[in-house]
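First comes the structure, then the notes that go with it.
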Amino acid sequence: MTDPQSWVAPTYTRLADLLDAGPAAAWDTPSLCDKWLVRHVVAHVTMPVRLTPERFGAEMAAAGGDFAVLSDTVAERDSALPAADLLAQLRSPRLHAWRPPGGGEAGALSHAVIHSLDATVALGAPPAAPAEAVTALLGMLTAADGSLFGVDLSGARLEASDADWSWGDGTLVRAGSGELVSLLSGRTLPDGRALPRR
């Protein structure tokens, strides 16, 4: 497999290009992340550009050690930053080289692809991530049999409508490869489809 980190930069850069070229209203579109608009997703993924390790530690302490609380707090606060600043942060080499603690290159790729899809699927746009990256992530998520995001894949056959990729046996779930990644990540698609939870 190609170095997963090499797919991170084009994913974030293409997301920035999409938002830069699109209408301002795109930023306020509800994303696939519960309670987050597209601007919240962008503020979340660009956190590593703004937060030094010391600042992150202070934010975590203020959140009582709860990363979910920290994420919501930072996303809500920093989503108010000018769009030009957030776009520049999406294009930042610092973000492109970032790896989540303990997650390595695979973690960096999954973070970039899944959250970029939270925006693009909601906007009805094609994935920002390279097609190979999306397919690689499909492999990673199905290899874990849905356990990473608590989805139940028993009795399901997943089939991509835009790539030569399929997995499993049973009731057919057919969608674009990016939409399948979103489903495997526990998201609900704009058309209401979701995989059952464990």
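The values are calculated or read from the model by the stated rules, or taken from the named source; none is laboratory data. The structure displayed is predicted, hence computed values, not measured ones. Reconstructed Cβ throughout: ideal geometry from the backbone, glycine too, with neighbour counts over all protein chains shown.
Just one of the numbered conditions (1) part of a helix (DSSP H, G or I); (2) more than 29 Å from ARG193 (Cα to Cα); (3) modelled with pLDDT of 95 or more is not true of GLU59; which one?
With respect to (1) part of a helix (DSSP H, G or I); (2) more than 29 Å from ARG193 (Cα to Cα); (3) modelled with pLDDT of 95 or more, GLU59 is out only on (3).
If you check GLY146, GLY186, GLY178, GLY124, which single one turns out to be in contact (Cβ under 8 Å) with a residue 60 or more places away in the chain, surrounded by 15 or more Cβ atoms within 10 Å (Cβ to Cβ) and not basic (Lys, Arg)?
GLY178
Being surrounded by 16 or more Cβ atoms within 10 Å (Cβ to Cβ) and of a type in the set (D, E, K, R) is the filter here; which residues of the stretch 56-75 pass it?
GLU59, ASP72 - these are the residues of the stretch 56-75 that are surrounded by 16 or more Cβ atoms within 10 Å (Cβ to Cβ) and of a type in the set (D, E, K, R).
Could you please let me know if LEU18 is of a type outside the set (Gly, Ala, Ser), surrounded by 15 or more Cβ atoms within 10 Å (Cβ to Cβ), at pLDDT 95 or above and assigned to a helix (DSSP H, G or I)?
Yes, satisfied.
Any residue in the stretch 75-93 that's on the phi < 0 side of the Ramachandran plot: show its pairings with residues that are of a type in the set (S, T, N, Q) and surrounded by fewer than 18 Cβ atoms within 10 Å (Cβ to Cβ) at Cβ separation under 8 Å, as long as the two are six or more apart or on different chains.
That search, which allows pairs on different chains as well, returns LEU90/THR13; ARG91/THR13.
Only one of ASP164, ASP118, ASP152 is under 25 Å from ASP191 (Cβ atoms), of a type in the set (D, E, K, R), under 14 Å from the mean Cα position of the chain (by Cα) and modelled with pLDDT of 95 or more; which?
Values: ASP164 fails: under 14 Å from the mean Cα position of the chain (by Cα); ASP152 fails: under 14 Å from the mean Cα position of the chain (by Cα).
One residue alone meets the criteria, ASP118.
Looking for something buried (at least 18 other Cβ atoms within 10 Å of the Cβ), outside the structural domain of THR13 (by TED's automatic domain parsing), acidic (Asp, Glu) and part of a helix (DSSP H, G or I) - is there at least one such residue anywhere in the stretch 96-119?
No, there is no match, as no residue in the stretch 96-119 is buried (at least 18 other Cβ atoms within 10 Å of the Cβ), outside the structural domain of THR13 (by TED's automatic domain parsing), acidic (Asp, Glu) and part of a helix (DSSP H, G or I).
Please enumerate the residues belonging to the stretch 1-51 that are in contact (Cβ under 8 Å) with a residue 60 or more places away in the chain, of a type in the set (Gly, Ala, Ser) and within 18 Å of ASP85 (Cβ to Cβ).
Result: ALA16, GLY22, ALA26.
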